[in-house]
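Below you'll find the structure, written out as structure tokens, and then a few comments.
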Amino acid sequence: MQSNTYIAGRLTVNLACDWRIADGEGRHADARMFAALTALAETGSLQGAARRMGVSYRHLWGRLQEWSELLGAPLAHLEKGRGARLTPFAERVLEAERRVAQELAPRLAALSSELTRLLQALAPGAVPVLTLAASHDLVLVKLRELAGVADGFQLNVQFRGSAEALRELGNGHCEFAGFHVPGGRLAHYAGGMLRGVLSRQHHRVVEIMQREQGLMLPAGNPQAVAGLRDLVTRPLKFVNRQVGSGTRLLFDGLLRDEGLDPARIAGYDEEEFTHVAVAATVASGMAQAGFGLRAAADQFGLDFITLAYDRYFLAAAAATWESEPGLALRVLLASPRVQDLIDGISGYRALRDVVLQLPEPGLFAGSGNFIA
């Protein structure tokens, strides 16, 4: 079960996703099945899993039998003197649930944020709510939780691709847009995404961090993948980010720079909407390679080959940055708690000078080096 909680005054809004699997004979399973499989995997015994779930050994064993019949394959092996372990089938089932939960998280977050915004607009004395349409990022998930009444504003984060986030800013559907562009020699690939969206007359941007991007591979790299060319020359199943995301822009730029034809990559058109979902797909065995953030790969214990870095910006109208909540956001971004948060995530580097800059082409070309 995946839930997201936000505070609106003294109200708590909680949106949750639940499961129900059923057949035509009245048998069914719900989220408790995934909780039981997780407990069994982590404790290594049926007794330990039953204790964690607050049920008897006999009850849990009976439920496992029922769920196995429903799904058509055994979920656990019990070995005398050696405890219990999940079957390979059960491991794939549990990984699929985790992958779906990770994919739903940003959608639930967006809906929760929108409901929070509506409630705060009705609450007496409520603090301003700033809407940020942004390319998916692990820091922004946590930044939304950090920003609160004490900062003088709350943050409503709605995850989009970089290009879509910038369009929403241009259309007046949000106060801020979060987007990232390739760093170093690949910076020119961002030109099409930025052209005609940001203007030096009306907008200002701040660069808040840089991030490592590269190939996500199964733990131990069993296929001995060395780089992008292996995706073209070998029958490796790949999982991609969606069209319009900054990560897809970066990946396509890397392919063009090496003269590689994306049509020859098996799974190039298989898309996920977050870095975590890509990592989960590789971890589940549904793909043998993906492209995205080191941090997401580390979260799932994957191998990682660094290929590039990107630069993450927030954009808004100059007047928005100078407003009271806009100034408060800049103070928060420059604070040690946020910069330490960024530096504490693998493959991330915080920028120490969070300053307003004109959105000119030279700014996005930047330097060729990842910040050490």
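When L140 is tested against the conditions (1) out of contact with any Asp or Glu (no Cβ under 9 Å at 6 or more places or on another chain); (2) over 19 Å from S323 (Cα atoms); (3) among the hydrophobic types (A, V, I, L, M, F, W, C); (4) modelled with pLDDT of 95 or more, the lone failure is (4). Scanning the stretch 205-224 for residues that are closer than 18 Å to D298 by Cα, under 24 Å from the mean Cα position of the chain (by Cα) and of a type outside the set (D, E, K, R) yields Q210, Q213, G214, L215, M216, L217, P218, A219, G220, N221.
The set of residues in the stretch 313-330 that are in contact with a strand residue (DSSP E or B) (Cβ under 6 Å, 6 or more places away or on another chain), among the aliphatic types (A, V, I, L, M) and surrounded by 21 or more Cβ atoms within 10 Å (Cβ to Cβ) comprises L314, A315, A316.
Scanning the stretch 56-83 for residues that are over 29 Å from V276 (Cβ atoms) and of a type in the set (A, V, I, L, M), we see that the one that is surrounded by the most Cβ atoms within 10 Å (Cβ to Cβ) is L60. The residues of the stretch 43-60 that are assigned to a loop (DSSP other than H, G, I, E, B) and over 14 Å from M33 (Cβ atoms), listed by number, are G44, S45, G54, S56.
Within the stretch 130-157, the set of residues being surrounded by 22 or more Cβ atoms within 10 Å (Cβ to Cβ) and part of a strand (DSSP E or B) comprises L130, L132, A133, A134, S135, Q154, L155, N156, V157.
Look at (1) closer than 20 Å to L186 by Cβ; (2) under 19 Å from the mean Cα position of the chain (by Cα) and you find that A283 fails only one, number (1). Among the residues making up the stretch 140-181, those that are more than 25 Å from L194 (Cα to Cα), out of contact with any Ser or Thr (no Cβ under 8 Å at 6 or more places or on another chain) and not acidic (D, E) are K142, L146, A147, G148, V149, A150, G152, F153.
Inclusion of V205 among residues that are touching a Lys or Arg at 6+ places or on another chain (Cβ under 9 Å), among the β-branched types (V, I, T) and at pLDDT 90 or above is not warranted. Taken together, the criteria exclude A296 from residues that are among the hydrophobic types (A, V, I, L, M, F, W, C), within 24 Å of N240 (Cα to Cα) and assigned to a strand (DSSP E or B). Pairs meeting the criteria (first residue in the stretch 24-40 and assigned to a helix (DSSP H, G or I), second residue among the small types (G, A, S), beta carbons under 7 Å, at least 6 apart or on different chains) are A36/A49; L37/A90; A39/A49; L40/A49; L40/A76; L40/A84.
The values are calculated or read from the model by the stated rules, or taken from the named source; none is laboratory data. Computed from a predicted structure; not experimentally measured. Ideal geometry is used to build each Cβ from the backbone, glycine not excepted, and the neighbour counts take in all protein chains shown.
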